[in-house]
1. Can you tell me which aspartates and glutamates have their Cα less than 13 Å from the Cα of residue 113? Leave out same-chain residues fewer than eight positions away.
2. For the stretch 267-368, what size does the Cα cloud have along each of its three principal axes, sorted from largest down, in whole Å?
3. Treat every Asp and Glu Cβ in the stretch 285-360 as -1 and every Lys and Arg Cβ as +1, leave all other atoms uncharged, and give the resulting dipole magnitude about the Cα centre to the nearest 20 debye.
4. So what's the stretch 1-86 giving for Rg/Rh, alpha carbon basis, Kirkwood Rh from the mean inverse pair distance?
5. Would you mind working out the magnitude of the charge dipole of the stretch 1-73 relative to its Cα centre, with +1 at each Lys and Arg C-beta and -1 at each Asp and Glu C-beta, to the nearest 20 Debye?
6. Under unit Cβ charges (Lys, Arg +1; Asp, Glu -1), what dipole magnitude, rounded to 20 debye, does the stretch 2-166 have relative to its Cα centre?
7. Enter the mean projected area of the convex hull around the alpha-carbon atoms of the stretch 36-120, in nm², rounded to one decimal.
8. Using a simple spin-label model with points 7 Å from Cα along the Cα→Cβ vector, what separation in nm is obtained for residue 338 and residue 309?
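Nothing in this text is a laboratory measurement; each read-out follows from the coordinates by a stated rule. Keep in mind that this is a model prediction, so the values were computed, not measured. Note that we place each Cβ from the backbone using ideal geometry, even for glycine, and neighbour counts take in every protein chain shown.
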Amino acid sequence: MAILTLEGEVVSLYSGKNFSLQDIISFISEFGSPCIIATDVNPAPQAVDKLCRSFDCKLHTPPSDLSVEEKNELTRNHQFKNFHQRDALAAALKALEHHKAKFDNIDSRLQEKRMEEHSETIKSLVLRGYPVERAIAMVEEKISSESPSLRELPLHPESEPVQKPSASLLQKKVADLTHTVERLTEYRTDLEKENQDLRQQLENTQQNLRLYDRKTRKEALESQAIKNRESFIRKLEEELEIERKKTRLLSQENEILKEMRTLEYSQKALPVKVLPHFSKEEIKALDERFTIKKGDIIYLQDPSGGGPTTARELMEKGVRAIISKERMSHLAEEEFTKAKIPVISEREIPLKFLGNFGVIPKEDFESEFNCWKMAQEIVEAKQKEQQLKTIIEEYKEKRIKNGIEQASE
């Protein structure tokens with residue numbers, strides 16, 4: 001809560017937990033009777049609306065909820081402890097900003113009459129519905145007479161001024177407390193009425209529920225056969241939906257296969273079947289969906305976990321080459337090499353994904369394939385050369401040994 005004078009001076013800035021509407025009314029009453037209660041949201045919360053009715057004062061709501069930026073701008077010259085206090089202060093300052101033109105007009109008239117010290121009293125009367133001229137005239141009448149103080153002016157235009165004798169500070173305090181008690185009593189009456197209405201609503205709801213429960217049980221007993229049929233229909237619908245999903249999946253796979261065949265016939269790109277994991281289960285699943293055939297190129301997204309046995313599963317399918325995202329195990333790669341199936345790194349060849357399979361330029365693949373084949377031929381030639389050298393060395397050693405034996409004879 002932020003309590004301000006009509007001149008914008010902060011009288012009190014407070015925030016707390018578990019503050020009831022009754023506590024708020026008591027707190028505000030200690031500072032007098034408000035003429036404007038403002039909120040930072042639109043529409044105003046129900047509690048704020050009740051608070052206005054309790055004090056019988058003007059409610060101010062912004063055209064729309066105040067943004068954080070606007071709240072910060074409104075309160076930039078003020079101190080506050082938390083965002084709750086900032087929000088309350090921003091709402092009050094926004095209300096004063098809304099009435100600024102009216103207040104400036106009142107101050108201008110009062111300056112002409114040299115009645116600036118009565119500014120807040122007249123503004124309060126105007127906010128409660130009095131015309132400006134009427135409010136000024138009422139204050140002038142009070143000034144010129146020895147009637148009750150300005151604080152005892154009537155709060156509504158339909159009320160006639162009541163002539164009362166001057167009251168001491170103690171009498172004013174008693175009057176304020178009396179008003180507070182009246183407001184709280186009225187608020188309590190409203191709460192009791194609201195509570196009674198809620199109890200009646202609860203009783204009606206419970207009765208309706210009982211009637212509905214009896215009706216539902218009766219209908220359930222009478223329509224058990226219908227429910228059984230509905231259950232059977234739902235089961236058939238679920239099975240039908242499963243079959244439809246399978247049909248859609250098969251249709252998608254068929255389209256993919258068509259695209260793969262189109263790429264094969266184009267002679268510009270080669271299709272690559274994607275194997276998510278290097279395992280027998282994944283190989284079987286891929287084979288069932290797209291049929292791994294001789295000459296296929298397989299892309300391994302995750303080569304970990306595969307060994308010689310898994311490699312032989314693909315070798316038996318007659319695949320042409322393996323493209324691997326990462327380095328596979330040495331034993332598995334050795335199996336592919338023995339079968340003259342190249343294992344090419346994804347980094348060595350441009351690979352693009354199209355749906356559930358990949359595509360590589362035919363020219364790039366053939367170039368990489370030939371490089372691998374040439375490298376293998378070099379390796380094999382070196383191996384054969386090494387084998388030949390070994391055979392020659394062994395032959396020489398044998399000839400030397402035989403020559404030594406004949407010489408000794």
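1. 133, 140
2. 34, 27, 22
3. The dipole magnitude comes to about 260 debye.
4. That ratio equals 0.93.
5. 320
6. About 260 debye.
7. 6.8
8. 1.5
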